[in-house]
Structures are given as C-alpha cells and as structure tokens.
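Take a look at the structure set out below.
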Amino acid sequence: MIKKINIQKFRGFVDSEIILDGRNLIIKGDNGTGKSTIVDALEYFFTNKIKHLTKGEKLSVKEYAPHVKYSPEDLKIDIEFKNGKKSTKTIKDKPIIPPRMEELFNTAREQKFILNRSELLEFINSSPSDRFKIIAKLIGLGDLEKQSKEFSKLSNEISKHLNLVEDSYNKILEKISKFLKTKATNTSDILEKLNSKLSKLSFPELKSIDDIEKYKEAHFKNVLLKTDYSKTFKDLENILTLSNSISINPKIYDLIIEFKILNIKLREIQHPIDLELYKFLESGLKLLKLRNPKQCPLCKQSINIYELISDLNNRLMKRKEYLEKLKELEKLKNNFKDLMEPLINNLTNLITNINQINELENKKEKFLSLKISVEKIMEIIPKNDKDYESIEMSLKKNEKELNKFLKELNLECNNMKKKLELTEKDKESYEVLNLLNNIQLEYENLKSKKIELLRIKRKYEIANLINNIFSEVLKEEINKIFESLDSEINRLYLFLHPNDLHENIKLEIDPNRRGSLFLKMDSFNCKSRDPRVLASEGHLDSLGICIFLSFVKKFNKTIPFIVLDDIITTIDANHREKLAKLLLTEFPEHQLIITTHDGLWFKQLIENLKALKLEHKWEILSIIDWDLSHGPEFSDYKDLWEKIQDYYKRGDSDVAGILTRRYLEWVLKKICLALKAEIEYKSDPKYTVKELFDSAYKRVNKLCKRIVDNEDFKNNLKEKFENLKSWTYLGNLLAHENPEIELISTNEIKNFSNLVHELFLCITCSECGNLLKYNREFSEIRCSKKKCKNLPVKLK
Amino acid sequence: MSIKANILEKFINKLKEKKSIPIEIIDFMESSFNDEKMVKKSELKKKLEAILNDELNDKKN
C-alpha cells in the first residue's frame, strides 16, 4: 500500500505531496488541474513508461514529463510505502527496488493496474487479436505472447529449410530411380532394386551400396580393362580415318608435265638481253617513231626505218612473251606447293596420332622418313628437264611407299581394334558398370544429403515440440484464466445491471488462430452475440470496467493498488450509484485511487462510503486551483452542508447563500428521484429550482394523502415543504452573482440554509442516515439500505 | 508466483517430460526465464546448432 506520493517538477506539478497512509484516494478536479498527472506519475514510477504517449504519433517521456519551467533532471517522483520503504524515480534512473518488494515492482512493470477512460472500450471494440494482446497485458502475459511468436518463427524457419533439403534429397532419389528405371524410395530400396537388376543380368548380389567399388573390381575387371583401352580404340579409329584420307594428289603429275612444257617454251624464246638493253631498245623505237631519221643516230649509217621498227617490235614482243611465261612458271610452282602441303599436314597429323599408341612405334618412323622425303621434294628448285624428271620419280617412289605404309598401318590398326572391341557380353557388363558408377556417385550425394536431412529433422523436431508445448500450455492456462473469469465478470456485471437482459458474458480463445480472443454475451435471448450488437454505449463502458475489475480481483494479488482514471462518462446516475457500491465493497484488499472531473460521481462515491461507514479508509481530495508556478492546490473534501457551515463560521454568508442554493437544487433532485416525482422531460437536463420544487412538492402531497399510519412523518414532510415554499424566491436570488443579494440579511440566508437542510433530513433514515425511497411494489417509503431495520412508512 | 512465472514453470516442466528434447536446451531456456528474459529466436537457433553439433560428434566418437 502507498503511504505517501511526492511529485516534483513532473508535468504541471512543482512539488506536491499526497499523504494516503495506506488509505484509498478519491480525487476530483476540473480538466487541466492535474488529476491524470498523478496517474501518469504512478505509471512512470512503476513502469518507466507512460502508455498513452505511445498511441498515435509517439511522444517521448523526456519531452512530455518534465515541468516546462524546470530542467528534466529536476523531475523526481518519491513513493513511500506503508511498510516504511521508499524509492525514487528520476528521468535518468529507475527506482531502486526496496528489499522484499521485488515481486510488486516486477509485476507492476508487466501487469496492468491502471484503467483510464480511453481504454474502457478497448476490451470490447478491439479486433480479436488486439483484444488478446490487451487482456494478455492485463494479466502480464504480453511477453509470453512475444515468446510464443519467437518459438513459432523458429519452427517455421527450420520447417522451410527442411522442405528445401527434403526436395534436394528426393531429386537425388529421382535421379537414382531414373538410372534404375524403377522408383526407389530409400537406401535399402535402392539396394533391393539394384540387386534385382543385377540378378536379371546374372550378376551376383551386392551386399551394400557402400561395397560398389569392391564389387566392380571383383566382377568387372575385364570390362574395366577394356574400358581403359577405350581411348586407344578412339585413337585407332582416328588413325584409320586419317590414313584413308592421305594420298598424293594425281594433279601433281599433270602439273609436272605443265612444268616441262613451259620449260621448253622458255628455252625456245630467245634468252632475253639485260634490262638496260631493252630499255634502250624501247627508247630507240620511240625516237624512230618520233623523228623518222634516215641515218642511225649512233653510227650515222643509212637505215631502213620501217625494217628497223619492225625488227625492234619483234624483239620487244619476244621479251614480253618471255616474261609472261616466267609468270606462268611461278603460278605453277604455287600450285605445286598447294597440292603438296595437305599431304605434309596429313602426314604430320597421322604421325601425331600414331605417336599416341606405343604398339605403332615402328610405323611412326616410316611415316616420319616419308614426310621428310616429301618435304625435300618441295625444296628442289628445278632448273632443267632432268630436275623435273627427278621430282616426278621421287614423287612416284614416295607414293608407292606411302601406299605400302598405309596398307600396313590399316592392317595393324584394324587388328588392334578387333582386339579392343567389346563383345555383346562386354557391352552388357559395360552398361551394368555404368549403372553402378552412376549409382555410386549419386549414392554418395544421397548419403551426405541424408546426414544433413537427419540433422535438420532433429532440429525441427525439437523446435516444433518447444513451439507446440508452449502454445498448448499458454492456451490451456489462458483458457483456465478465462473460464475462472467469466463467472466473475458476469457477477460484477449483474451487480451493475441487475434488471438488464444481458448475461452469459464469455471470453473465448479462437481455437483456429493464435493469440485471438472473442468476447460474447447473450442479449435479449440472442445467444453468443458480440456485445456491441445489442448493448448501449453505457453498458459497454460498464462491461469494460467489469472485465478490468474481474482481472484485478482474480489475478492482481501482488499489486495492492488499482488506479481508475476518470472512467465515468457514459454511465448514468443509477448505474454509477451501483458502481460506487461495487468499488467500495468488492475491493477491501486493494488501495483504490479514483480520479474524476465529475462532481456528481464524486459525491455519489462519498455518500456511499459515508453510508458504509468507510470514511476512515478514504482520503478525499479536490483540486481547487492550479497554476504553472505552484502546481495544483488541493482541498480536503467536505460535503455541501459542511462547507456552508464553514462559510457561516468565517462570516461569509454570501458564499454560504450561493452554496445553499446549490444544496437546495441537489436536495430537490434527490427527493424527485427517491420519491419518483414526475419531471417534464427536457433535452437540456438543467432544471430551475422552481421546476424541481413544484414537482417534488406535488409528489409529496400526493404520497402524503396515502400515508395512513405515520402522521408525524407526513406532517413533518409537508411542513418542511410549506416552510421552504415561501423562501424559494431566495433560490433564484442566490443563483447568480446577483447584486440584490446584499439586500438579504445574514439571518435570512441562515434561516434559508437551515430550512433546506431540515428538508434533507426529513427524507433521510433516522437510523442510518441513508436516503428514504418510495417502493411501488410494497406501497411504502423506506430506507434505501436494504439491511436497515427502520420501519417503512406504509401507504394506502 | 505471477501468472507468467507459473506458465513458464509449467512449460519447462512439460519440456522436461519429453526425453527427445536435450536437457541443455531446457536449461538454457530455464535460466533465461529465471533472469526475467524471454528466449530470442536467434539465440535458441544458435544453441540448437551447438547442441546438435555436440550430439553428432558424440555419435561419431
């Protein structure tokens, strides 16, 4: 229990102390006077947070909490507990938890102990998942819901990974199945199917796939050897292909003939004189054509110019012809080269291939010498016919040798190939060997994937089990909590609304969704409906209060205080009366801190606690003023009559008169309500004193006529009304700041005050002080307290 | 004991009944709860990896 709260430099508080000494607190104040600051201070002290700042656009506590005229470091909240222990909260530091109070501080951090007006409908209007969160916070389960999510996330993450690994494991199995040409589902299945295949091919059984290597060596040695020769086999095939393409092109011989002919032609043409002479002849011919001389310009002999020109032309023509033949010869040489080169290249290739096979070493030498010989032919520069003949002879010799060597080579290669060729049995074995090789390779992949799979499966098994157990325990425990709560919520709701057709309120966990909660009630015989369908706003507000209070009552054993911050808005006077009784009677173990701006609710609470003789357990405060420099100004609560007397004692009859007028209005309203007087309905519920007086008086007269056995009560009541009737004008005079008030004497005002109070006493129980009430069912006027033994006034 | 502590205790006890969950994992979570801390997904994953590695090594040995 809280003994003392001291709030310094927090919001609008400069330095205020509220001494409770473990008692409950009712505090009234107009808007903006600092009621909610006390609530914020308590929340900040225990939770280091102020929840309403986190809604909508967030605002930091550092920005919100410090008094505007002071630095944040000046902020300080001190709380002293009934056990004498103290702690302090500043903007920087959390309160140091006093010894043996850890449970209170830890629970207050997690569990909701403050209810404010804005939160009332949260229990009802929220979505099922938000409602679950709110209720979880109410009983301090917020972290558990987060924990549940963490477990679920991990389980899902591993499950996804597991699916991926399973997929790749299955793909390897599919590959193996493809090799086996039948579906294999696991390792033993692979072995079984493989053995069935081996047995069909008359191979012995394989004991384990891990033994494939040994099995291959034992049963496929020959095929394995042959497969080693497969490269040689390919090389031989290459050699054979090449050897078939090697030959001396017959065109070469034609070319040699052409060479010979051309050589003859060149010899036939006169051998050319040197180049200078031909230049001279060309110049001479030009000169002769140009000058047409009769004599030679060199020897001065007579010349026949026509004969000389003809002779020069002939000589120059031969020269031209000779040059052309030389060009032809060059062309033939190139052709020869072109025809010889492929032969040399093919021989080079063949030698390279032969070189790959040791057994053909002797053949290599032969082809190598042949190649050298052919290359030599190419190097010969023929000068005469003999040279050509020598080339032709060499070629023919080489061709003969080439054909011989190729024949030998072909023969040997084909022989070797025959030796290496697979028999039908070999082919069959070779296929099995291929199958074994493929399965061996994929089986290794499968094995490593299986290890990975088993590891992830184990991980998933643990994570999933943790997640499932946590969800089950959480669901089971929350269900238990809700089951035990339903009866409490219904009991409290029935207390507030005994005659309304709402019942069977239920909190139900959505079985299909994690962290989701339905709220249902039976209304007007409609079963399991959302309360918003058939209940009024006031009913929903009081349902919200009942849910909160039920949780507090059932589960808040650790936090000894409950804060109700301005929770009354839409609840009407009758139901407030019931709520006041409920709060004052149902929570004797808790320290209640109730704030309100509503004077009527404030008064109802006070009247009820007086009636229940609980005044000593309550601290009643009003905030009568506030300013920035001094913070709120508190005043102890006194009821109107006590206040009126105080003002008379102070000699301030004017204020006493104004308060008397308010007192009269309040008394008349009470009488109208208690005796069920008829009051004309008004959209603006403000009634004048005269309207209230007339209605109440009319009702009193009517009821008095029916009183048969209590003449004293009847006469007293009528007399008080009669006495007051002639003074009601004062009610209007005292209503406003009326200057005529000065015309009224102090005695007149005092007299008026006494008459109002006597009227009030007239309709209160002489035994317990509670208000008397008209009971239509029993035709009587009796004390509103059910257990009061005062005899009722019977009516006809 | 708070409702939260009660639920966490029941959860740990139920885990202990399951032999397939390594005791190191349960101890790890229990000590975290005792320190008023919830178990983060990444931490639990890390712990699981470490424990499964140990299990694998034990099997190999």
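Taken together, the residues in the stretch A:1-29 that are part of a loop (DSSP other than H, G, I, E, B) and either crowded, with 19+ Cβ neighbours inside 10 Å or within 44 Å of the chain's Cα centre (by Cα) (or both) amount to 5. Candidates are the residues of the stretch A:443-454 that are of a type in the set (A, V, I, L, M, F, W, C) and either open to solvent by 70 Å² or more (accessible area, probe 1.4 Å) or under 19 Å from A:Lys178 (Cα atoms) (or both); the one that is farthest from the other protein chains (Cβ to nearest Cβ) is A:Leu446.
Can you find a residue in the stretch A:455-464 that is within 30 Å of A:Asn163 (Cβ to Cβ), modelled with pLDDT of 90 or more, away from chain B (no Cβ under 14 Å) and open to solvent by 40 Å² or more (accessible area, probe 1.4 Å)? No, that holds for no residue.
The residues on offer are A:Lys603, A:Lys613, A:Lys557, A:Lys553, and the sole one that is of a type in the set (Lys, Arg) and open to solvent by less than 50 Å² (accessible area, probe 1.4 Å) is A:Lys603. Of all residues in the stretch A:487-507, those satisfying the criterion of being in a strand (DSSP E or B), touching a Lys or Arg at 6+ places or on another chain (Cβ under 9 Å) and crowded, with 16+ Cβ neighbours inside 10 Å are A:Ile505, A:Lys506, A:Leu507.
Answer yes or no: is there a residue in the stretch A:131-152 that is assigned to a helix (DSSP H, G or I), under 23 Å from the mean Cα position of the chain (by Cα), more than 10 Å from every other protein chain (Cβ to nearest Cβ) and free of Cβ contacts under 8 Å to residues at least 12 places away in the same chain. Scanning the stretch A:131-152 turns up no residue that is assigned to a helix (DSSP H, G or I), under 23 Å from the mean Cα position of the chain (by Cα), more than 10 Å from every other protein chain (Cβ to nearest Cβ) and free of Cβ contacts under 8 Å to residues at least 12 places away in the same chain.
Quick grid of which residues meet (1) within 19 Å of A:Asn384 (Cβ to Cβ); (2) touching an Asp or Glu at 6+ places or on another chain (Cβ under 9 Å):
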residue	(1), (2)
A:Ile248	no, yes
A:Asn263	yes, yes
A:Ile269	yes, yes
A:Glu276	no, no
A:Lys279	no, no
A:Lys286	no, no
A:Asn292	no, no
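Just one of (1) open to solvent by 20 Å² or more (accessible area, probe 1.4 Å); (2) modelled with pLDDT of 90 or more fails for A:Val39. It is (1). For the stretch B:1-56, a residue qualifies if it is closer than 28 Å to A:Ile481 by Cα, facing chain A (nearest Cβ under 7 Å) and part of a helix (DSSP H, G or I), and the qualifying residues are B:Ile3, B:Lys4, B:Ile7, B:Lys10, B:Phe11, B:Lys14, B:Leu15, B:Lys41.
Checking each residue of the stretch A:589-602 against the condition of being without any contact (Cβ under 8 Å) to a residue 12 or more places away in the chain, farther than 15 Å from A:Leu564 by Cβ and of a type outside the set (Ser, Thr, Tyr) gives no match.
Total residues in the stretch A:81-122 satisfying the condition of being within 14 Å of chain B (Cβ to nearest Cβ), hydrophobic (A, V, I, L, M, F, W, C) and open to solvent by 50 Å² or more (accessible area, probe 1.4 Å): the figure is 1.
Residues A:Asn414, A:Asn467, A:Asn438: which one is under 30 Å from B:Asn6 (Cβ atoms) and either within 14 Å of another protein chain (Cβ to nearest Cβ) or open to solvent by 50 Å² or more (accessible area, probe 1.4 Å) (or both)?
A:Asn467
Scanning the stretch B:10-29 finds no residues that are without any contact (Cβ under 8 Å) to a residue 24 or more places away in the chain, acidic (Asp, Glu) and open to solvent by less than 70 Å² (accessible area, probe 1.4 Å).
The values are calculated or read from the model by the stated rules, or taken from the named source; none is laboratory data. Model, not experiment: these values are computed from the prediction. Note that we place each Cβ from the backbone using ideal geometry, even for glycine, and neighbour counts take in every protein chain shown. To get the accessible areas, we keep the full protein, side chains included, count just its heavy atoms, and leave off ligands, DNA and RNA. Shrake-Rupley method; radii C 1.70, N 1.55, O 1.52, S 1.80 Å.
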